[in-house]
C-alpha cells in the first residue's frame, strides 16, 4: 500500500512540474503582448523594450522559466504587471471562494446524478429510464453560462429572491454566503449532473447485466438488496473515474461563472490576467486551478485503489 | 416403457417435477418456443443429468424452475413443482424465499458469478443473512464451515479474500458452498466443471457425490460432457433443440441408446463404451 | 420480408442531422436568408421586442437579432468544423503513430497527451487565447489543440485493436510500405469510433467557442457570435429578454443536434443493440 501511494505521489509531482512548463510556454510564446497591454497600443518600441527588460521578458524562455521555478518553490509567484500586487497572497485569499463554488456545484451534480442514474438503470427501458435519459440529454446541451443568465432572470429579476452577484465569506454570514452561491453552484452543477447521470446509468446497466447479479437473485436477494450490496460498489468505480474528469471540467468552468456572478475567486483573477496580459497573475492562477484538478485526480486514484480489491493488489505487486 | 428408477418413491413427491414445460423467446417482438413440452423429474437423493449441446434448452429449463429466466423469455405452458410447492403460482416474494433456501443454483462460470468487490466469505454466507436474518458479518464468519465442507484449506483466511485471489477450482467450490449453505432440497448445477482442468473436475464431482450421499440433496446436473454424466449421474435426460429425446438410467443409455440423436452423441465422443470410474484414465 | 432502410435504428442520428442541417443551411445561405445586415445600426429602434419587422427583436444598437443570429451561426459552425478537424487530424496522426511504432515513441507521445489532457479544457483554451491573441482564427486553433489529446487516445486504442488483427501482419509480409499500410489497412478500420468522437467534438467546440466569445476572447464586436450576443444580453436583461433567450437557444439546439448525431451513431453502430 505504501508503495502504491508513493508512486502515485511521485507521478503527481512530476505532472505538476510538467504542467507548469506547458503553461509557461503557452503564456510566453508570443512576445510583446504583455508590454503592449500594460502600456497601451501607442507604446513606442523603446518603452516596450524598457518594460520587457525591467521584467526580464527579453531573456530566453528557459532562463525565464528557471527563474520563475526558483522563486515559485519558495512560494514567491511574482507580482502583477498591472499593479505590482504580489500574486501569491492574492491567490490565497481567492482559493476559498473557488473551492466553495466547485465543491457546492459538484455536490449538486452528484446529488442529482447518483440516485437518478441508479433508478434509471434499475428501471432500464421503462418510462422512468426514458424520462431521465431525455432529461439528461437536454440538460447536457445547455451552456452553463446561459443557464446562469436564465437563473438570474428567474430568481433575481422576476422572483426577487436572490441577489445577482457578489460574495460574502462563509464565516462572516453563512446565510448570505449561500444565497450568493446557490445560482453559481446550480449553473455549474445542473449541467454537470447531466453527464454524470448518463455515466451512472450506463455503469449500473452494465453491472446489472453481470453474472454475479444473477447469483444474488438465485440466492433469494430482493432487487433492492442486490442493487445496494452487489450493484453499487461495482458501478461506482467507473463512475468515480469519470466524475473526477468532470470535476476537472467543472473547475475550469469557474472562469466563466465567477465572472458572471462577480465572485472574487481564482477564475475571475485568471480572466483579468488574460485581458490584461498580466503574465504572473495568469501563470499563478492557471497553475492553482491545474493543481486542484491534479489533486482531485490523485485522490480519486487512491480512492479507487481502496475500493477495487483488484487494483489494490496491483499496487502491492 | 417404465424402466426401473431406484430413487423413485411412492411415499413422497419428486423433489422437482417439470411437466410439459414450454418456454418462449422474444426476438423482434415475436415469441418463438425454444423449449417445447419438456417433462422431467428428480427424486430425493437422485443425481439427474441433462445432456445436450448448446442451444438445446437445458439451461433455460433449469432457470425456469427457479423462475430466473432472462427478460426476453417467458414460460408459455406447463407445470413446475418443487416437492409439494407449485412454482409457477408463487409470487415474487415467495420465490425469493425459495431461492438459495430450498433450491440453489451453481452457475456455469464461477469467476463471473462472484462479485469481484466482495469478500468470498461474505458472499458464501449471504444466504444466512437473506433467509435466517443473520447480520452479514456474522454470516461471513459462519461461512467458514461451508468452505471447510467443500475442502477449501485455511478457510478463515480464504473467507476474507476476494474472488480473484482464488483459483478456478476453488471458485467453483466456493459457489458450491454458497449453494449448500442452507441445505437445499435441490442443487441445480449448470456445467459446473466445464471450465476446469480434468483433475480439478474429478475433485468437484467427488464432492458433489459426497454431498448427495451425506445429506440426500437432489442434484440436477446440466452438461454437454458425456464422461461426467457417466461418472456422476443416476438418471439421464437427453435434450435436443428444446425437447427431451430420451431418458433412462445412465448405464442403459450408454449401453443401449434408443434415440438416433443419443446414438450420434455417443458416437461423437471418443472411447465411451462404459461409464468410467472415478480416477480412471480416459 | 423485404428489408428496407432501418429508420428506427437510425432515428436519433437522423433527428440530429436534420437539426444540424437546418443550422448549416442558415449558416451557408446567411446573406440570402437574413432579413437585414448584421451590422446595420438603428439606434432609434434599440432593444425592441419581437415584432413584424424584427422577428426576434433588436439589440442594444438597434441591429436585427435574427440576422445577427443567422450570421453568428456561420462563425460557430466554422469554428466547430475547423477546430474539430484540427483535433481529429492531429490527434489521429499522433495516436496512430504512437500505436504503430510503439516503444519509446509511444511512451513519449502518450505521456505528452496525458499531460495536455489533465488541463481543464476551458482553462487551456483560455490560456492559449491569451498568448495567441483574441480572434476567431485563434479560437479555432486553441480549441483544436484542446481536442488533440482526446482524439489521439481514441485513435491509438483503435489502432491497437487493428494491429492485433492479422491483415496488418500480412500486409507487412508482402512488403507494403508503412504509409500504404496506414492508409489502406489502418485508417478505414478506425474511422467509425473517430466519427462518433468527432460529433461529440463538434458540440463541445460550439460550447467552447461561445464560452470564449462570451468572455470577450473570441469573435470581436461588431462580429456577431452567439457567445458575445449572450454577453451583451446579460447586461440588458431587464430591457430585453429575447437578447438573452435567442442566442442561448441557438447554442442549445446546435449542441443538442450534434449530441444526437454522436449518440445516434454510437447506438446505431453498436453491435449489441437489441431492437
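Odds and ends about this structure:
- Test: residue in the range A:298-305 that is crowded, with 22+ Cβ neighbours inside 10 Å and within 11 Å of chain C (Cβ to nearest Cβ): no
- Set A:183, A:200: member being within 14 Å of another protein chain (Cβ to nearest Cβ) and in contact with a helix residue (DSSP H, G or I) (Cβ under 7 Å, 6 or more places away or on another chain): A:183
- The set of residues in the range A:238-273 being more than 17 Å from residue C:119 (Cα to Cα), surrounded by 19 or more Cβ atoms within 10 Å (Cβ to Cβ) and at pLDDT below 90 consists of A:273 alone.
- Considering residues of the range A:255-271 that are assigned to a helix (DSSP H, G or I) and farther than 17 Å from residue C:129 by Cβ only, the residue nearest to the other protein chains (Cβ to nearest Cβ): A:260
- Note on the range C:187-275: no enclosed helices (runs of 4 or more DSSP H) hold 1 or more residues that are at pLDDT 85 or above, at positive phi and facing chain A (nearest Cβ under 9 Å).
- Residues in the range B:75-124 that are part of a loop (DSSP other than H, G, I, E, B), in contact (Cβ under 8 Å) with a residue 12 or more places away in the chain and more than 11 Å from chain A (Cβ to nearest Cβ): 3 in all.
- Considering residues of the range B:256-270 that are exposed (fewer than 13 other Cβ atoms within 10 Å of the Cβ) and in a helix (DSSP H, G or I) only, the residue modelled with the lowest pLDDT: B:268
- Single match in A:248, A:252 (criterion: under 13 Å from the mean Cα position of the chain (by Cα), farther than 27 Å from residue A:179 by Cβ and in a helix (DSSP H, G or I)): A:248
- Qualifying residue in the range A:8-31 (condition: within 14 Å of chain C (Cβ to nearest Cβ) and either at positive phi or more than 26 Å from the chain's Cα centre (by Cα) (or both)): yes
- All of A:274, A:240 fail the test of being at the interface with chain C (Cβ under 10 Å from one of its Cβ atoms) and in contact with a helix residue (DSSP H, G or I) (Cβ under 8 Å, 6 or more places away or on another chain), apart from A:274.
- Residue within the range B:138-147 that is surrounded by 16 or more Cβ atoms within 10 Å (Cβ to Cβ), out of contact with any helix residue (DSSP H, G or I) (no Cβ under 7 Å at 6 or more places or on another chain), at pLDDT 90 or above and part of a loop (DSSP other than H, G, I, E, B) present: no
- Residue ID - farthest from the other protein chains (Cβ to nearest Cβ), chosen from residues in the range A:137-146 that are within 20 Å of the chain's Cα centre (by Cα) and part of a helix (DSSP H, G or I): A:139
The values are calculated or read from the model by the stated rules, or taken from the named source; none is laboratory data. Computed from a predicted model, the values in this text were never measured in an experiment. Don't worry about glycine lacking a Cβ; one is built from the backbone with ideal geometry, like all the others, and counts go over all protein chains shown.
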